[in-house]
Amino acid sequence: MTLARYVEFAVRGDQLGWLVALEGNRNVPFAIKRAYYIFGTKSGVRRGKHAHRQLTQMMVCLAGQCKVMLDDGRNCEEVALTRNDCGLMLDRMIWHEMYDFSPDCVLLVLADNWYDETDYLRDYDAFKAACA
Ligand code: T46
């Protein structure tokens, strides 16, 4: 079973340029309550390094590229995010780490809830125990 689930977006546009629309409960398979974006990540930095107890998210690499490691407590998978017309689902209870950011990388993240630090599992052993 693959951990990486993608959603492909329709690209609209014409000779003027391109546009992708993201709509909650339509091409994004949850109601979007929060959006944030990650940019300016320094070379060699590893971000994430946590799982969420309840939060469901989707990542879209708007510019540049980065890698994401997904871990469900049993299997790990590394994926490269290089496309702005495709979203990577980030389900609850998936340990994730983002790294190898290109200097121009802009990573958009859509979430089904507001920011809540208590939803984060930041200790890997505690995450593994919660998965068992
Ligand atoms: C995740 C991955 C993909 C806020 O104040 N509001 C927010 O909505 C978020 C997401 C973060 N913050 C604050 C908390 C920290 O002081 O922004 C700072 C940087 O956040 P953090 O170190 O958690 O960033 P990442 O890149 O490690 O993780 C983020 C999200 O926090 C996380 O939910 O799944 O991106």
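Coordinate-derived values only; no laboratory data. Since the structure is predicted, the reported quantities are computational estimates derived from the model, not experimental observations. Positions of Cβ are generated from backbone atoms using ideal geometry, with glycine treated the same way; all protein chains shown enter the neighbour counts.
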Evaluation of residue 1 against (1) closer than 22 Å to residue 93 by Cβ; (2) surrounded by fewer than 13 Cβ atoms within 10 Å (Cβ to Cβ); (3) within 16 Å of the ligand (Cβ to nearest atom) (one fails), failing number: (3)
Hits in segment 75-105 (condition: of a type outside the set (A, V, I, L, M, F, W, C) and not in a loop (DSSP other than H, G, I, E, B)): 77, 78, 87, 96, 97, 99
First in segment 119-132 and more than 11 Å from the ligand (Cβ to nearest atom), second anywhere and part of a loop (DSSP other than H, G, I, E, B) and among the hydroxyl-bearing types (Ser, Thr, Tyr), Cβ under 8 Å, 6 or more apart: none
All positions within segment 29-52 that are out of contact with any strand residue (DSSP E or B) (no Cβ under 6 Å at 6 or more places or on another chain), surrounded by 14 or more Cβ atoms within 10 Å (Cβ to Cβ) and within 18 Å of residue 91 (Cα to Cα): 29, 30, 52
Segment 54-69 - residue that is more than 11 Å from the ligand (Cβ to nearest atom) and either among the aliphatic types (A, V, I, L, M) or assigned to a loop (DSSP other than H, G, I, E, B) (or both) and, of those, surrounded by the most Cβ atoms within 10 Å (Cβ to Cβ): 60
Considering residues of segment 24-53 that are basic (Lys, Arg), part of a strand (DSSP E or B) and under 16 Å from residue 122 (Cα atoms) only, the residue nearest to the ligand (Cβ to nearest atom): 47
